[in-house]
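A.B. asks: Questions regarding the structure given below will be posed in turn.
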Amino acid sequence: MQLYLLRHGTAEKGKLGSPDSARALVPDGRKNLREVLRVAKAAGMSPKLILTSPYRRAVETAEIAAAVLGYKQELLRTSALTPDSPAQSAWGEIRVHGDAEQLLLVGHEPLLSQLTGYLLASPGLLMEFKTGGIVRIELDQLGAQPRGVLRWYLTPKLAMGTAE
C-alpha cells in the first residue's frame, strides 16, 4: 500500500469563543496546497480513498486534494485523524481500508508526526510536519504492528522551489 499523510493547509488563527475545529483555510494555505498536490500528483499520487479529520480545515484540505488529484469518491471523515488521537487509532483505520492501493489521510499535528514514527516502527522519531506537507510511506503488510518505508516528504516550499 502507498500511504500518504497530508497535514491541512495554513488555517486562520483561532477566534475567541469559537472551537478549534471551526478554523478555515486561508487563501495562501489553499494556494500552497494546490502547488504541493500538483507536484505529488506528478510523482504518482492518485489515492483510491481519502480519509479526513472532521475538522473544517482538514475537510477543506481534503476537498482541494480531491479536486487536484481527480478523486471522485466520497471523502470519509473519521475522528481517528483529529489532533489528539493516538497513532494506534489511525493505524486501525488504515487496516480497515487495507484493500486501497493508495490511501490518503488528511489530519493535524501532533498526530501526523507521531503517526509517521509509528508507521516507520520508530516511535521516538522527531519530525517537523509542515503545514500543507505530504509524507509517502510504503507498507507491505498490515499486521498488528506497522513496518513501513519512508519514500518521500514534500513541503510547500520545496514544491514551489524555495528554500526551507
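The values are calculated or read from the model by the stated rules, or taken from the named source; none is laboratory data. Quick caveat: nothing in here was measured; it's all calculated off a predicted structure. Heads up, the Cβs are rebuilt from the backbone with ideal geometry, glycines too, and the neighbour counts pull from every protein chain shown. Ligands, DNA and RNA are excluded from the accessible area calculation, which covers all protein heavy atoms including side chains. Shrake-Rupley method; radii C 1.70, N 1.55, O 1.52, S 1.80 Å.
A.B. asks: Note down all Cβ pairs under 9 Å where the first residue falls in the range 123-137 and is assigned to a strand (DSSP E or B), the second is of a type in the set (A, V, I, L, M, F, W, C) and open to solvent by 70 Å² or more (accessible area, probe 1.4 Å), and they're at least six residues apart or on different chains.
C.D. replies: Pairs that qualify, where the first residue is assigned to a strand (DSSP E or B) and the partner is of a type in the set (A, V, I, L, M, F, W, C) and open to solvent by 70 Å² or more (accessible area, probe 1.4 Å), are V135/L150; R136/L150; I137/L150.
A.B. asks: For residues that are assigned to a loop (DSSP other than H, G, I, E, B) and either of a type in the set (S, T, N, Q) or over 23 Å from H8 (Cβ atoms) (or both), tally how many sit in the range 138-162.
C.D. replies: At the first step, the residues of the range 138-162 found to be assigned to a loop (DSSP other than H, G, I, E, B) are 139-148, 155, 160-162.
With either of a type in the set (S, T, N, Q) or over 23 Å from H8 (Cβ atoms) (or both) added as a condition, the list becomes 140-145, 147, 155, 162.
Qualifying residue count for the region: 9.
Conditions tested, residue by residue: (1) out of contact with any strand residue (DSSP E or B) (no Cβ under 9 Å at 6 or more places or on another chain); (2) of a type outside the set (A, V, I, L, M, F, W, C).
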| position | (1), (2) |
| --- | --- |
| K15 | yes, yes |
| D20 | yes, yes |
| R30 | yes, yes |
| L33 | no, no |
| A40 | no, no |
| P47 | no, yes |
| I50 | no, no |
| A65 | no, no |
| E74 | no, yes |
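A.B. asks: Could I ask something else about it? Considering the range 121-151 alone, what residues qualify as being exposed (fewer than 15 other Cβ atoms within 10 Å of the Cβ) and closer than 26 Å to A22 by Cβ?
C.D. replies: E128
A.B. asks: Is the range 34-46 home to any residue that is touching a Gly at 6+ places or on another chain (Cβ under 9 Å), within 20 Å of P110 (Cβ to Cβ) and buried (at least 17 other Cβ atoms within 10 Å of the Cβ)?
C.D. replies: Taking every residue of the range 34-46 in turn, none turns out to be touching a Gly at 6+ places or on another chain (Cβ under 9 Å), within 20 Å of P110 (Cβ to Cβ) and buried (at least 17 other Cβ atoms within 10 Å of the Cβ).
A.B. asks: Looking at (1) out of contact with any His (no Cβ under 8 Å at 6 or more places or on another chain); (2) charged (D, E, K, R); (3) open to solvent by less than 20 Å² (accessible area, probe 1.4 Å), can you tell me which one R57 breaks?
C.D. replies: (1)
A.B. asks: OK, next. In this structure, does G29 turn out to be open to solvent by less than 30 Å² (accessible area, probe 1.4 Å) and not charged (D, E, K, R)?
C.D. replies: On the way: open to solvent by less than 30 Å² (accessible area, probe 1.4 Å): yes; not charged (D, E, K, R): yes.
So G29 passes the test.
A.B. asks: Quick one: what pairs do we get from the range 13-27, first residue under 18 Å from T61 (Cα atoms), second modelled with pLDDT of 95 or more and open to solvent by 70 Å² or more (accessible area, probe 1.4 Å), C-beta under 6 Å, 6+ apart or different chains?
C.D. replies: Within 6 Å, the pairs are A22/R56; A24/R56.
A.B. asks: Another question, if that's okay. Of the numbered conditions (1) within 16 Å of T52 (Cβ to Cβ); (2) surrounded by 12 or more Cβ atoms within 10 Å (Cβ to Cβ); (3) over 12 Å from the mean Cα position of the chain (by Cα), E74 fails exactly one; give the number of that condition.
C.D. replies: Checking E74 against (1) within 16 Å of T52 (Cβ to Cβ); (2) surrounded by 12 or more Cβ atoms within 10 Å (Cβ to Cβ); (3) over 12 Å from the mean Cα position of the chain (by Cα), the one that fails is (2).
A.B. asks: Regarding G92, is this residue within 13 Å of the chain's Cα centre (by Cα) and among the small types (G, A, S)? Quick ask: steps written out before the conclusion?
C.D. replies: Details: within 13 Å of the chain's Cα centre (by Cα): no; among the small types (G, A, S): yes.
Criteria not met by G92.
A.B. asks: Please verify whether the range 101-120 includes one or more residues that are open to solvent by 50 Å² or more (accessible area, probe 1.4 Å), over 14 Å from the mean Cα position of the chain (by Cα) and without any contact (Cβ under 8 Å) to a residue 60 or more places away in the chain.
C.D. replies: no
A.B. asks: L81: free of Cβ contacts under 8 Å to residues at least 60 places away in the same chain, aliphatic (A, V, I, L, M), crowded, with 21+ Cβ neighbours inside 10 Å and over 14 Å from V135 (Cα atoms), yes or no? Can you show your working first?
C.D. replies: Details: free of Cβ contacts under 8 Å to residues at least 60 places away in the same chain: yes; aliphatic (A, V, I, L, M): yes; crowded, with 21+ Cβ neighbours inside 10 Å: yes; over 14 Å from V135 (Cα atoms): yes.
Considered against the rule, which asks whether it is free of Cβ contacts under 8 Å to residues at least 60 places away in the same chain, aliphatic (A, V, I, L, M), crowded, with 21+ Cβ neighbours inside 10 Å and over 14 Å from V135 (Cα atoms), L81 comes out as yes.
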